[in-house]
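Notes to accompany the following structure.
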Amino acid sequence: MIIEIVKIFVFPGIAFILFMAFFSSWMVRKIVARMENRVGPPFLQPYYDMGKLLAKQRVYPHESIASIMHLMPMIQLGVAILIALFMPVYSPKGILSFDGDVYFILFLISIHGATAYFVGWASRNPYTISGAGRAVMTEISLEIPLAVSIASMGIMTKSIRISEMTEKLGISMFPRTETGEIVNKLTWLYLIPWTILIIVAIYSAIGALELSPFSAPHAETEIVHGWSTELTGADLAMTEMADMVNLFNLSALITAIFLGGPRTGLIILNLIEPWTYVIGFLFFLMKFLLVMFILSYIYVLSGRLRIDQIISALWSYFLPLSLIGMLLVLILETIGG
Amino acid sequence: MTSLIGYLSASKQALKNLFSKPVTVMFPAEHVSLPKGYRGTPVLIPEKCTLCMKCERVCPTGAILIEKLDKKNGYFTIDIGKCCYCQECEKACNFDAIHLIDKWLTASDNKEDFVTKHFVQRNGKKKEE
Amino acid sequence: MSDQQLLEIVKNALIKSPWVSHLNCGSCNGCDIEILAVLTPRYDVERFGIKLKGSPRHADVLLCTGSVTRSMAPRLKRIYNQMADPKFVVAVGSCATNWGVFHNCYNTLGGIDKVVPVAMYIPGCPPRPEAIVFGVYKLLLKLASLDLEKQEEKDSVSNLTQEPIRSEEVTT
Ligand code: SF4
Ligand code: SF4
Ligand code: SF4
């Protein structure tokens, strides 16, 4: 009982999630700053930002719907933390885990776009409304490539549950005999669809996080600040925190589904019970930081696309790419099976 | 294709930056060296000034204000909150009495801090050359 | 934790992360370019936690440039009123401080402080980027030295007791 409570509230629950969220936000800002050849923010910067925003006054514009503007950011944060509870951190199983949880997570991710739309609509401001429209359009367009690429990994591992997908990833891509030799040389071909799918998934994650090149929903200085223009004080703090937690979520989701999360991969270690968890956590951290690095690398190198360019890029390049990946997985499954 | 080449060279630069020392000047601790002939705060040398009013006439912003008490004495006021650092006063002065020095960290929360008032007594000696 | 300690924490957080927003009230663009220069890698202000925000509602510090033109004055007033407390205005440039090159111009009011209270003046035409950084740095030092025991100094940073407000109807 005590262990369950500690799990939910401390590690790997809410306290750990918030720490990781702040850490990853700082990490992205620091990597971006270093790639732009400057110093970047200090380590505690996200804590200062949140502390300041939570204490600031709240201002609601004339004729706006204050209750929605106050409620929706809280829903965003709550949903983000709920997604984070599914993420496997030290063992392949997260705190919450059930059959089909991958699709439940996709559903929760799309709630973010919907709440963004409500915030923009409730603020009664042309900038927020156009930002909200853009947010929903981006959300709809990236949802399908992400779902298809996750479904392909599901086909590969024959499961729609994160813990099983994490566990079986190495086994289904590289089936091995008892002595550890790879059975079939053909399985190296699985790396082709895997590369295609992880590229699609990373770009979709960038779209969901509203980073460039898909940052049109809150294009700074172009449509002031997009759908969150009119948020102030604690409301703004909630959306910012939800963004940070989502940064952790999507990196951890890609880590879990495409890189095997806390699994050690091809290395076989025979360890006793607590040490597998420690090693697993270290491997998770390594892979997580790698994904974070790739995200910030793409973020710093690309300019902002226009909204019509985003839509056409997602529908006419990333969706076909993900479908090709799925087709390759199906062909390989048929040959291999 | 050209965009791809640009992308690759940009990514090379980004990775190079990641492992090199940042170009940032850590400002309050270290300073950027000023270029030669930098135009900063105008400063009066009261001993040289003859209250000829030439600088007040050329100053485009009204930053210089001279109140004459009588023929030889007067107050000379410079307000750097108005000054546009154009160096017209230094060029106009025949007596080298006003100079733009390299002082530029002048921010303040009180406008009174920008005003310097000198009491000038004219001693009638004209500078050589 | 007492109210006093909480306020102390809030004050320190505010000093460590001042978000700025930029407003051009009729300047010649010289100062705007210098403000952009402050954000470049050379003078990287993100190490102080300063971040340029597009929306004045998110910002704590409003960087104003230019001697306020007649048509800009009501808008400056409105933007200032709609910012969330605690808020500070920094006047960048000589013409924002005291008219500068627009001396005696009939269509300008001659300074930000004719319209809204200003917390820090940065003279210069335009000021060097370091001078702008120094001005913001000095503003933060001033905030850090506020004595929270005194009521009026406390009011300038705290709003823990204030209710959320609803901004007024827009009239043009
Ligand atoms: S530098 Fe130009 S603006 Fe400043 S006091 Fe001299 S003449 Fe006037
Ligand atoms: S500073 Fe030079 S120009 Fe100005 S009043 Fe004195 S002597 Fe004349
Ligand atoms: S102070 Fe000078 S440079 Fe700055 S806006 Fe005014 S006129 Fe332009």
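The values are calculated or read from the model by the stated rules, or taken from the named source; none is laboratory data. Since this is a predicted model, take the numbers as computed values, not measurements. Note that each Cβ is placed from the backbone with ideal geometry, even for glycine, and that neighbours are counted across all protein chains shown. The accessibility values were calculated without ligands, DNA or RNA, using every heavy atom of the protein model including side chains. Shrake-Rupley method; radii C 1.70, N 1.55, O 1.52, S 1.80 Å.
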What about residue C:127, is it in contact (Cβ under 8 Å) with a residue 12 or more places away in the chain, outside any strand (DSSP E or B) and within 16 Å of ligand 1 (Cβ to nearest atom)? yes
I'd like to verify a number: residues in region A:112-133 that are closer than 18 Å to residue A:215 by Cα and hydrophobic (A, V, I, L, M, F, W, C), how many? 5
In region C:39-85, the residues that are open to solvent by 10 Å² or more (accessible area, probe 1.4 Å), in a helix (DSSP H, G or I) and away from chain A (no Cβ under 11 Å): C:73, C:74, C:75, C:77, C:78, C:79, C:80
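Please work out which residue is nearest to residue B:5 (Cα to Cα), limiting yourself to region A:308-321 and to residues that are within 21 Å of the chain's Cα centre (by Cα) and open to solvent by less than 60 Å² (accessible area, probe 1.4 Å).
Among those residues, the one meeting the criterion is A:313.
Residues in region A:88-99: is at least one assigned to a helix (DSSP H, G or I), at pLDDT 85 or above and farther than 30 Å from residue A:125 by Cβ? Give the steps one after another, and end with the answer.
Within region A:88-99, the first condition is being assigned to a helix (DSSP H, G or I), and the residues that meet it are none.
No: region A:88-99 contains no residue that is assigned to a helix (DSSP H, G or I), at pLDDT 85 or above and farther than 30 Å from residue A:125 by Cβ.
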Here is a list: A:252, A:234. Which entry is over 23 Å from residue A:142 (Cβ atoms) and modelled with pLDDT of 85 or more? A:234
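Taking only region B:21-56 into account, find how many residues are within 16 Å of ligand 1 (Cβ to nearest atom), of a type outside the set (A, V, I, L, M) and in contact (Cβ under 8 Å) with a residue 24 or more places away in the chain. Explain how you work it out, then say what you get.
Narrowing region B:21-56 to residues within 16 Å of ligand 1 (Cβ to nearest atom): B:37-46, B:48-49, B:51-56.
From what is left, the residues that are of a type outside the set (A, V, I, L, M) are B:37-42, B:46, B:48-49, B:52, B:54-56.
Next, only the ones that are in contact (Cβ under 8 Å) with a residue 24 or more places away in the chain stay: B:38-42, B:46, B:48-49, B:52, B:54-55.
Final tally of qualifying residues: 11.
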Among the candidates C:62, C:6, C:52, C:76, single out the residue that is of a type outside the set (Lys, Arg), within 30 Å of residue A:32 (Cα to Cα) and either within 16 Å of ligand 3 (Cβ to nearest atom) or in contact (Cβ under 8 Å) with a residue 40 or more places away in the chain (or both). C:62
Could you look through region A:61-79, keep only residues that are of a type in the set (A, V, I, L, M, F, W, C) and surrounded by 19 or more Cβ atoms within 10 Å (Cβ to Cβ), and pick out the one that is farthest from the other protein chains (Cβ to nearest Cβ)? A:79
Kindly list, by first and then second residue, each pair from a residue in region B:69-94 that is touching a residue at least 24 places away in the same chain (Cβ under 8 Å) to a residue that is open to solvent by 40 Å² or more (accessible area, probe 1.4 Å) and of a type in the set (S, T, N, Q), limited to pairs with Cβ atoms under 7 Å and residues at least 6 apart or on different chains. B:72/B:121; B:73/B:121; B:78/B:116
Taking residue A:243, is it assigned to a helix (DSSP H, G or I), within 14 Å of another protein chain (Cβ to nearest Cβ) and open to solvent by less than 10 Å² (accessible area, probe 1.4 Å)? no
Can you report the number of residues in region B:48-64 which are within 14 Å of chain C (Cβ to nearest Cβ) and either on the phi > 0 side of the Ramachandran plot or touching a helix residue (DSSP H, G or I) at 6+ places or on another chain (Cβ under 7 Å) (or both)? 6
Taking region A:94-130 and keeping only residues that are under 16 Å from residue A:144 (Cα atoms) and polar (S, T, N, Q), one is left with A:110
Complete set of residues in region C:9-49 that are within 16 Å of ligand 3 (Cβ to nearest atom) and without any contact (Cβ under 8 Å) to a residue 60 or more places away in the chain: C:22, C:23, C:24, C:29, C:32, C:36
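In the list A:38, A:58, which residue meets the criterion of being at the interface with chain C (Cβ under 7 Å from one of its Cβ atoms) and open to solvent by 40 Å² or more (accessible area, probe 1.4 Å)? Explain how you work it out, then say what you get.
Working: A:38 fails: open to solvent by 40 Å² or more (accessible area, probe 1.4 Å).
Residue meeting the stated conditions: A:58.
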Of the conditions (1) out of contact with any helix residue (DSSP H, G or I) (no Cβ under 6 Å at 6 or more places or on another chain); (2) within 14 Å of chain C (Cβ to nearest Cβ); (3) in a helix (DSSP H, G or I), residue A:290 satisfies every one except a single condition; which number is it? (2)
I need the full set of residues from region C:16-30 which are over 11 Å from residue C:62 (Cβ atoms), within 13 Å of chain A (Cβ to nearest Cβ) and open to solvent by 30 Å² or more (accessible area, probe 1.4 Å), in order please. C:16, C:24
Check whether at least one residue in region C:104-120 is in a strand (DSSP E or B) and at the interface with chain B (Cβ under 8 Å from one of its Cβ atoms), and report yes or no. yes
